[in-house]
Amino acid sequence: MHSLQVSLPPPPAHHYTIHVNYGALNLLPHTLHTLTPAPSQIAILADQTLANIAEQRLPALLPSSPLLIKLPSGEPTKSLHHLPHILSTLAAARLDRHAIILALGGGVIGDLAGFIAGIYLRGIRYIQLPTTLLAMVDSSVGGKTGVNLPEGKNLVGVFHQPTAVLADLDLLETLPPRERHAGFAEIIKYGIIADAALFQSIASGSPSDLAPIIARSIEIKAQIVAEDERETTGRRALLNFGHTAGHAIEAITGYHTYLHGEAIALGIRVATRLSRLTLGLSEEDERRILNALAAHHLPLHDSMLNLQALMDRLPNDKKAQGGRVRWILTRAIGQAEIVETINSNDLKEALEILHQPPSLK
Ligand SMILES: NC(=O)c1ccc[n+]([C@@H]2O[C@H](COP(=O)([O-])OP(=O)(O)OC[C@H]3O[C@@H](n4cnc5c(N)ncnc54)[C@H](O)[C@@H]3O)[C@@H](O)[C@H]2O)c1
């Protein structure tokens, strides 16, 4: 037998710039111009809701005429179904390793386009052009890409960081209010886990200038991702505050009752009560969290939720280790920690409050 060692150097550190501003799309020519090697071809993967921007505004900003692939809007697009067509279209257009993909849309297009960029020719570059609040503050940053399977969400994918992210806040003007509110659930989450001042700045509603709020949210996410890109130390799990119950609520309601951020709001209510019972979070902080969610028109209770189904679903959360659920909880607004052991009575109480509207004041 011959046994040989293969030793590879560690991959070079990857840096990328995230621009957050009104009109940030106008930075695209400069962003492309500074890339080495220069992009040989450009493909746009776009949500068809944004067809106007993909067909008119973007091409005017590009050095050569792009290959445009428009995709239906909605979560079903983030599946294996569209992969063969998209990959074959790229191959038929002879995109080479120096080509670049522009992902124009919300988290659905961003996750799908990032995945395509991660697997086409074993990986080409892509730029995120997020168009929803959720995509700007969350999905466009951090390099998690992938698609859903019928068996569950995000079960296939690769870590593949973008080359740049341009978050143009002008694009949010056409975003339906419900989608905007859902994005705020993630911003409230960032405030709870890492920044009490950020939390306070949005606690009573949406400020008129979103730029500093979005930039700070991205900064929190980017910092946590930089510390634990592939979820090996557990630090990245902090981003999942509200997501343990939230993912289970999405799953048991078949992914069509709630938008992701709405399910996360319900999950934040559960995690907040569990934080009171387990870590001694104050009643005042619980009240502030619930008021903030209500100020952004997010759901806080659902008397129709099947609590047994919810309980049964929890250990199936992707973050469960060996069948035990790891909860991200908060001792005080602005801090989060991982809690491995939860008393079953506390969990029961925290889930049962979802049947009751909170008393807000
Ligand atoms: N990769 C990650 O780290 C990560 C993190 C969080 C969520 N996600 C994923 O993100 C996805 C959800 O993303 P989303 O909430 O952005 O949903 P989405 O991409 O489905 O967009 C929501 C809706 O808004 C429409 N839309 C998008 N931009 C618009 C605009 N500017 N004006 C008008 N309409 C617009 C879309 O057509 C769609 O109907 C989920 O698949 C989730 O799993 C990924």
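Please treat every number below as a calculation from the coordinates, not as lab data. Just so it is clear, the structure is predicted and the values come from calculations on it, not from any experiment. Methodologically, a virtual Cβ is constructed for each residue, glycine included, from the backbone with ideal geometry; neighbour enumeration extends over all protein chains shown.
Structure above, values below:
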quantity: Whether the range 120-194 is rounded, prolate or oblate, judged on the alpha carbon gyration tensor where a/c under 1.5 counts as rounded; calculated: prolate
quantity: Residue order, fewest to most surrounding Cβ atoms within 10 angstrom, among K361, K348; calculated: K361, K348
quantity: Gap separating the Cα centres of the range 224-274 and the range 31-109, nearest whole Å; calculated: 29 Å
quantity: Sequence-separation-based contact order of the range 235-361, relative, with Cα cut under 8 Å and 6+ spacing, percent; calculated: 33 percent
quantity: Tensor-based shape of the range 233-361 (alpha-carbon gyration tensor, a/c under 1.5 rounded, otherwise prolate or oblate); calculated: rounded
quantity: Global geometry of the range 132-279, whether rounded, prolate or oblate, following the gyration tensor of its Cα atoms and the 1.5 cut on a/c; calculated: rounded
quantity: At R0 = 25 Å, FRET efficiency that the Cβ-Cβ distance of E340 and R230 yields, to 0.05; calculated: 0.80
quantity: Over the range 15-98, equivalent-ellipsoid semi-axes from the Cα gyration tensor in Å; calculated: 22, 18, 13
quantity: Cα-based Rg and Dmax for the range 1-55, where Dmax is the largest Cα-Cα distance (Å); calculated: 19.3, 63
quantity: Listed residues Y120, A265, T244: farthest to the positive end of the dipole of the chain (Cβ charges); calculated: Y120
quantity: Taking the range 193-246 and dividing mean pair separation by its residue count, relative contact order in percent (alpha carbons under 8 Å, at least six apart); calculated: 30 percent
quantity: Highest-first arrangement of 14-24, 223-233, 175-185, where packing means the average Cβ count within 10 Å; calculated: 175-185, 14-24, 223-233
quantity: Electrostatic dipole magnitude of the range 203-351 [Cβ: Lys, Arg +1; Asp, Glu -1; Cα centre; debye, to 20]; calculated: 160 debye
quantity: As computed over the chain, the Cα convex hull volume per residue (Å³); calculated: 157 Å³
quantity: Span-rule helices in the chain, defined as complete DSSP H runs reaching 15 Å or more along the axis (Cα) with Kyte mean at least 0.0; calculated: 107-119, 211-227, 260-279
